[in-house]
1. Of the numbered conditions (1) surrounded by 17 or more Cβ atoms within 10 Å (Cβ to Cβ); (2) closer than 29 Å to residue 18 by Cα, residue 66 satisfies every one except a single condition; which is it?
2. When you go through (1) assigned to a loop (DSSP other than H, G, I, E, B); (2) more than 18 Å from residue 7 (Cα to Cα); (3) out of contact with any helix residue (DSSP H, G or I) (no Cβ under 8 Å at 6 or more places or on another chain) one by one for residue 130, which number turns out not to apply?
3. Looking at the structure I just gave you, is residue 104 part of a helix (DSSP H, G or I), in contact with a strand residue (DSSP E or B) (Cβ under 7 Å, 6 or more places away or on another chain), over 14 Å from residue 12 (Cα atoms) and modelled with pLDDT of 95 or more?
4. Give the residue that is farthest from the chain's Cα centre (by Cα), with candidates limited to residues of segment 78-99 that are closer than 20 Å to residue 37 by Cβ and part of a helix (DSSP H, G or I).
5. From the list 113, 55, which one is over 20 Å from residue 6 (Cβ atoms) and either without any contact (Cβ under 8 Å) to a residue 60 or more places away in the chain or assigned to a loop (DSSP other than H, G, I, E, B) (or both)?
6. Go through segment 1-18 residue by residue and tally those that are under 16 Å from residue 94 (Cα atoms) and not in a strand (DSSP E or B).
7. Within segment 19-31, is even one residue more than 14 Å from the chain's Cα centre (by Cα), crowded, with 17+ Cβ neighbours inside 10 Å and outside any strand (DSSP E or B)?
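The values are calculated or read from the model by the stated rules, or taken from the named source; none is laboratory data. All values derive from a computational prediction rather than experimental measurement. Note that we place each Cβ from the backbone using ideal geometry, even for glycine, and neighbour counts take in every protein chain shown.
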């Protein structure tokens, strides 16, 4: 089994805010991330797939196809967007990095079979800052 990863980058704004809570509780729980005027991050995303290399190509998956898939299905939809307002698959959800990576998984696990018949999605690592990141294994 070989694990192959592709890193992509995007910028996005969001706000962590629970409308069922008071302004004070939101500030207490989310701090500056509850800023009424939003805040942004330079996200780094690492998508890892796993499988056996194809005997004809030596590839687990064609990295160019994987990059295009990630860009078309995710990056183009979130880059320079407001995650709370502009991204259809985040509507009605708290725009936390945890929820974002789960939605990314749903999209990529459904679309990956369009570019490979054997590789499987293994992990998505999503960096919100250089020191804060989440990992999701589906």
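1. It fails just one condition, (2).
2. (2)
3. For residue 104, the condition - part of a helix (DSSP H, G or I), in contact with a strand residue (DSSP E or B) (Cβ under 7 Å, 6 or more places away or on another chain), over 14 Å from residue 12 (Cα atoms) and modelled with pLDDT of 95 or more - is met.
4. So the residue we want is 90.
5. Exactly one residue qualifies, and that residue is 55.
6. The total comes to 4.
7. Scanning segment 19-31 turns up at least one residue that is more than 14 Å from the chain's Cα centre (by Cα), crowded, with 17+ Cβ neighbours inside 10 Å and outside any strand (DSSP E or B).
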